[in-house]
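Engineer: There's a structure below that I have some questions on.
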Amino acid sequence: MHIVLSGYYGFENVGDEAILLSIITALRKAKHDVEITVLSNNPASTAKTYGVQAVNRWKLKEVSAVLKQADGLISGGGSLLQDQTGMKSIPYYCGIIRIAKFHKKPVFVYAQGMGPIHKSMSQFITKNTLNKVDQITIRDEASKQLLVDIGVNKSMTVVPDPVIGLDASAFRSEWLERQAFESGYISVSVRDWPSEVNFKQKIVESLDLLARSGHNIVFIPMHDEHDEKASFELANMMSEKSLVAPGNLSIEEKITVIGQSDLLIGMRLHSLIFSAIQATPFIAISYDPKIDAFATIANQPNIGHVEKNDWNGEQLFDKAVDMLAERSSIEQALREQVMTLQSDAQNTALMAIDTFK
C-alpha cells in the first residue's frame, strides 16, 4: 500500500513535524510495510528524517504523478483549511485533494483542526472539496460544527490530535542533561501575534514573580527562529534571569524539555500536547480556538486570550502557584485522560488504512 501525505511539512515548524512523525509512526504500526510519500517544502530533509519518500509540494506535476501511482491521499493533520494567516492555504490544500480525486484516488482527512474560515470564497472551496472526500476525521467539536455550518454534509468523526499518540517514554535531551538546575523549572512556549493588548508584558510580569519565588524559567521555541526571536524578546524584558533553549532542538528533545518541567505556560498548541503526553500540567494562553479546544479536552486552565484585556500577570502567577501546589493530582488526572486519547489516536491510522484497501 502506497499513501501520499499532504500537510504543512518541511517548514521547520516543530508542531507540524511532530504531526508528521506521529502519523508516520501510527501508519507503520497499523501496517508495517506501508509505503509513504510526503509532499514537503524540503523533500531531502523530510526523506532523511523520517525514512520516507518525499517530493516537492510546489511541483504540481510531480505531485500529480505520485498521486496517480498511489493508493490514496491523507490530507493532514494540523490546521490546513483556514484563511486566518493568508488566502493561499485553502486553495493549495483543496487543490491537492482535487488532484487526487482527478486520479480517482480515495482521500482521508486526518485529524484536522478546521478554521477560522472567514471569506465566503474560502468557505465555498472548502465545502465543495470536502464533500468529495472519502472520510473526514477532525480533532475537535468546534471544527465539526464549522464544517456543518458551511455546508459540508459528509459524515465526520472527532478524533485526538495525532501527536497525542506518540510514546515519549524513551525520549531524552542532551541539551537538558547539560543544564544544572538546583531545583525544577517552568517551561514557557511563546509566539509572536499581532494584538493591541500588551500580552507579552503580562507574561513577563508572571514569569518575574515566579522567578522571584525560586522557580527557574526555560523558554522552549516551538517554531525554530520565529519562536526563538519571541522567546529572547520576552527573556530580555524580564527583570529576573531566564534561559532560552535552542530553537533547533529535535522534536524528541523539545518533548523531553517540556515533559520534565514542573509546569508549562504555553501558547503553541503542540507545546500543550507535548505537555499532556508527558502528564505535565499546563496553563494555556490562547490566540486561536484550537488552543481553547485542547485546553478543554485536557481539562487544563486557559488563563486568557492575547487579544483580550481581561487577565493579567498576577492572575497567571496565582494560577501557576495553585497548580504547582496540586501538581501530583493534576499529573495523575492528565495521565488517565491521555491514556484513553492515545488509544483513540492509533485508531485514526487504522481508519485511514481501511479507507485505502
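Engineer: Counting Lys and Arg as +1 and Asp and Glu as -1, what is the net charge of the other residues whose Cβ lies under 9 Å from the Cβ of Arg191?
Structural biologist: Summing Lys/Arg as +1 and Asp/Glu as -1 gives -1.
Engineer: OK, next. Hey, what do the phi angles of region 301-315 turn into as Karplus ³J(HN,Hα) couplings, whole Hz, using 6.51/-1.76/1.60 and θ = phi - 60°, x for Gly and Pro?
Structural biologist: Each residue of region 301-315 in turn: x, 10, 6, x, 9, 5, 9, 10, 9, 9, 8, 9, x, 5, 5 Hz.
Engineer: Taking the 0 to 90 degree range and rounding to the nearest ten, how far is the long axis of helix 14-30 tilted relative to the main principal axis of the chain, both from C-alpha atoms?
Structural biologist: Roughly 50 degrees between the two axes.
Engineer: Please give the net charge around Ser40, taking every other residue with its beta carbon less than 14 angstrom from that of Ser40, where Lys and Arg add +1 and Asp and Glu add -1.
Structural biologist: Local charge sum for Ser40: -1.
Engineer: So, one more: Tally up the carbon and sulfur contribution to the accessible surface of region 1-111 as a whole percent, 1.4 Å probe, everything protein left in place.
Structural biologist: In region 1-111, the share of accessible area belonging to carbon and sulfur is 53 percent.
Engineer: Return the distance in nm (one decimal) between the two label points of a simple spin-label model at Glu12 and Ala325, each offset 7 Å from Cα along Cα→Cβ.
Structural biologist: Output for this residue pair reads 4.3 nm.
Engineer: Still on this structure: At 1.4 Å probe size, with no ligands or nucleic acids counted, give the accessible surface of Trp193 in Å², nearest ten.
Structural biologist: Trp193 has an accessible surface of roughly 30 Å² with all protein chains in place.
Engineer: Same structure again: Which chymotrypsin sites (Phe, Trp or Tyr not before Pro) does region 18-113 hold that lie in a coil by DSSP with at most 11 other beta carbons within 10 Å?
Structural biologist: Sparse-neighbourhood loop chymotrypsin sites (Phe, Trp or Tyr not before Pro): Trp58.
Engineer: Size of the dipole of the chain about the Cα centre, Lys and Arg at +1 and Asp and Glu at -1 on the beta carbon, nothing else charged, in debye to 20?
Structural biologist: So the magnitude is around 1780 debye.
Engineer: For the chain, with the dipole built from +1 on Lys and Arg beta-carbon atoms and -1 on Asp and Glu ones, taken about the Cα centre, which of Tyr92, Gly10, Ala26 lies farthest toward the positive end?
Structural biologist: Going by the Cα projections, it comes out as Tyr92.
Engineer: Sorting check: for 112-119, 13-20, which peptide has the highest mean count of neighbouring beta carbons within 10 Å, and how do the rest follow?
Structural biologist: 13-20, 112-119
Engineer: Continuing with the same structure: Could you list, in their original order, any pairs among Lys48/Lys68; Lys254/Lys357; Lys105/Lys290 whose Cα atoms are separated by more than 26 Å?
Structural biologist: Lys254/Lys357; Lys105/Lys290
Engineer: What is the local net charge at Asp208, summed over the other residues whose Cβ is closer than 12 Å to its Cβ (Lys, Arg +1; Asp, Glu -1)?
Structural biologist: 0
Engineer: What number, rounded to the nearest 500 deg cm²/dmol, is the helix-based mean residue ellipticity at 222 nm of the chain, given -39500 (n - 2.57) per DSSP H run of at least four residues and division by all its residues?
Structural biologist: The helix contribution divided over the chain gives -15000 deg cm²/dmol.
Engineer: Return one whole number: the accessible area per residue of the chain in Å², for a 1.4 Å probe.
Structural biologist: Solvent-accessible surface per residue comes out at 43 Å².
Engineer: For the chain, what is the relative contact order in percent, using Cα pairs closer than 8 Å and at least 6 residues apart in sequence?
Structural biologist: 16
Engineer: Further question on the same structure: Roughly how far apart, in whole Å, are the Cα centres of region 299-357 and region 46-92?
Structural biologist: Taking the Cα centre of region 46-92 as reference, the centre of region 299-357 is 28 Å away.
Engineer: Computed FRET efficiency, Cβ-Cβ of Met339 and Asn56, R0 41 Å: what is it to the nearest 0.05?
Structural biologist: 0.55
Engineer: Calculate how steeply helix 224-237 sits against the longest principal axis of the alpha-carbon atoms of the chain, using the helix alpha-carbon long axis, and give the answer as 0 to 90 degrees to the nearest 10.
Structural biologist: It is inclined by approximately 20 degrees.
Engineer: For the chain, place one equal point scatterer on every Cα, skip the solvent, and apply the Debye formula. What is log10 of I(q)/I(0) at q = 0.09, 0.10, 0.12, 0.15 Å⁻¹?
Structural biologist: -0.49, -0.60, -0.86, -1.29
Engineer: Would you be so kind as to identify which of Gly214, Asn153, Ile164 lies farthest towards the positive end of the dipole of region 120-244, taking Lys and Arg as +1 and Asp and Glu as -1 on Cβ and the Cα centre as origin?
Structural biologist: The residue sitting most towards the positive pole is Asn153.
The values are calculated or read from the model by the stated rules, or taken from the named source; none is laboratory data. Predicted model, so just to flag it, every value in this text is computed and none were measured. Note: ideal-geometry Cβ built from the backbone for every residue, glycine included; neighbour counts use all protein chains shown. For the accessible areas, the whole protein counts, side chains as well, though only heavy atoms, and no ligand, DNA or RNA atoms are used. Shrake-Rupley method; radii C 1.70, N 1.55, O 1.52, S 1.80 Å.
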